[in-house]
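Throughout, read-outs are computed from the coordinates displayed, never taken from laboratory work. Note that this is a predicted model, so its numbers are computed, not measured. Every residue, glycine among them, receives a Cβ derived from its backbone with ideal geometry; neighbour counts consider all protein chains shown.
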Ligand SMILES: [Ca+2]
């Protein structure tokens with residue numbers, strides 16, 4: 001056995017090493033994986049939850065944004081903050097337990113496929129993930145954050161097999 005705390009060579013670079021299910025309720029979840037200190041990892045968030053951004057309730061939020069499910073490519077229907085004065089930033093936080101106007105990380109510009117890949121430097125610890133919202137009690141579902149083996153960027157799931165049947169909104 002190789003000690004993962006002292007050696008980064010225990011996995012295939014760019015391969016999936018853990019999928020963490022992140023509930024959109026308030027409860028944080030901790031990865032099983034310890035991310036080696038100072039090592040650059042790639043993390044990928046995907047999936048959607050229902051958070052009460054639209055009525056009637058429907059899956060209307062991804063790792064960074066709330067959007068309009070009936071028109072998910074309409075940027076006018078996209079926001080990354082709660083409405084009103086709270087200014088709370090929506091989305092999945094990592095090692096950021098305080099729910100306020102500045103959530104980290106930023107998962108990037110809005111993507112109607114709701115898949116976001118970011119670079120994340122390990123801290124010699126597991127990561128703690130929680131969904132940031134102004135009102136959690138109406139939230140339903142969970143999202144996924146994948147942790148990839150460092151050393152290579154994971155392949156993009158949208159072009160892994162040349163599939164070209166993406167049409168965006170399907171009505
Ligand atoms: Ca909510």
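General remarks:
- Taking the stretch 1-151 and dividing mean pair separation by its residue count, relative contact order in percent (alpha carbons under 8 Å, at least six apart): 42
- Size of the stretch 9-152: Rg and Dmax of its alpha carbons, in Å, are 15.1, 49.
- Among 120, 67, the order by Cβ neighbours within 10 angstrom, fewest to most, reads 120, 67.
- Using a Gaussian network model of the chain in which every pair of alpha carbons under 10 angstrom is joined by a spring, one finds that among 66, 25, 45 the greatest mean-square fluctuation is at 25.
- Choice from 61, 125, 37 showing the highest fluctuation, given a GNM over the chain with Cα pairs closer than 10 Å: 37
- Fewest-first ranking of 103, 123, using other Cβ atoms within 10 Å as the exposure measure: 123, 103
- For the chain, built as a Gaussian network whose Cα springs stay under 10 Å, the top-fluctuating residue of 15, 31, 86: 86
- Annotation: the residues 136, 114, sorted from fewest to most other C-beta atoms within 10 Å of their own C-beta, follow the order 136, 114.
- Using C-alpha pairs under 8 Å with a sequence gap of at least 6, the mean separation divided by the residue count of the stretch 63-143 gives a relative contact order of 31 percent.
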